[in-house]
Amino acid sequence: MILTKVYRNVDDIPNIGSYHIETAMVKSDDLMKNILRVKTDHGNEYGIRLEDENSILENGSAFKLDDKKLLVLSVIADEMIEITPRDINEMGLVAHFLGNLHKPVQIKDGKISLLLDKVVVKMLKKHDINYELKKVQLDQPLEYLDLTK
């Protein structure tokens, strides 16, 4: 079966308990894809080909299989670096370095998060910049800078 449209996010579905749910574990990188093949916890395989190119997949994206069955995507937790710059100068240094490496990031609440990278960790240690390593289940894929927005 090929699924072409996200029904809703599982968190936004009323009466979720009335559905039979199959879960497919996906990597955070898979959220950027418009075409995807998944295998569920029930052993079923489905193809996903989003017909609307503006649609995005996210943790909890649900697809209707029939009136009472859903396929829900669940993102596998990634090993992440969460950087907390002390001031604007440190933020600039980190942003410049990560930009030169073309790393996709998430910036939220004054923190920069990205997938674990040993080169980045080495640079952070060298410059005594605050960071933590964490296992994080991303809701949306990390983004590259888009200057066209």
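The values are calculated or read from the model by the stated rules, or taken from the named source; none is laboratory data. In this text the structure is predicted, and so the values were computed from the model without any measurement. Reconstructed Cβ throughout: ideal geometry from the backbone, glycine too, with neighbour counts over all protein chains shown. Quick note on the areas: whole protein, heavy atoms, side chains included, nothing else; ligands and nucleic acids left out. Shrake-Rupley method; radii C 1.70, N 1.55, O 1.52, S 1.80 Å.
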For segment 1-23, what are the residues that are open to solvent by less than 80 Å² (accessible area, probe 1.4 Å) and either in contact with a helix residue (DSSP H, G or I) (Cβ under 6 Å, 6 or more places away or on another chain) or of a type in the set (D, E, K, R) (or both)? GLU22
State which residue pairs qualify: first residue of a type in the set (Lys, Arg) and inside segment 82-101, second residue surrounded by 14 or more Cβ atoms within 10 Å (Cβ to Cβ) in any location, beta carbons under 9 Å apart, and separation of 6 or more residues or different chains. ARG86/ILE129
May I ask you to list pairs of residues, at least six apart or on different chains, whose Cβ atoms are under 7 Å apart, with the first in segment 108-126 being under 14 Å from MET80 (Cβ atoms) and of a type outside the set (D, E, K, R) and the second being open to solvent by 60 Å² or more (accessible area, probe 1.4 Å) and part of a strand (DSSP E or B)? SER113/GLN106; LEU116/GLU79; LEU116/LEU133; LEU124/TYR131
Restricting attention to segment 60-68, does a residue exist that is in contact (Cβ under 8 Å) with a residue 24 or more places away in the chain, open to solvent by less than 70 Å² (accessible area, probe 1.4 Å) and under 15 Å from GLN137 (Cα atoms)? yes
Within segment 117-129, how many residues turn out to be in a loop (DSSP other than H, G, I, E, B) and loosely packed, with under 13 Cβ neighbours inside 10 Å? 2
From the set of residues in segment 24-58 that are part of a strand (DSSP E or B), under 23 Å from ASP78 (Cβ atoms) and open to solvent by 40 Å² or more (accessible area, probe 1.4 Å), which is modelled with the lowest pLDDT? ILE35
If you check ASP87 against the conditions, is it open to solvent by 40 Å² or more (accessible area, probe 1.4 Å) and outside the structural domain of TYR19 (by the TED database)? yes
Which numbered condition trips up LEU71, out of (1) surrounded by fewer than 16 Cβ atoms within 10 Å (Cβ to Cβ); (2) under 30 Å from SER18 (Cα atoms)? (1)
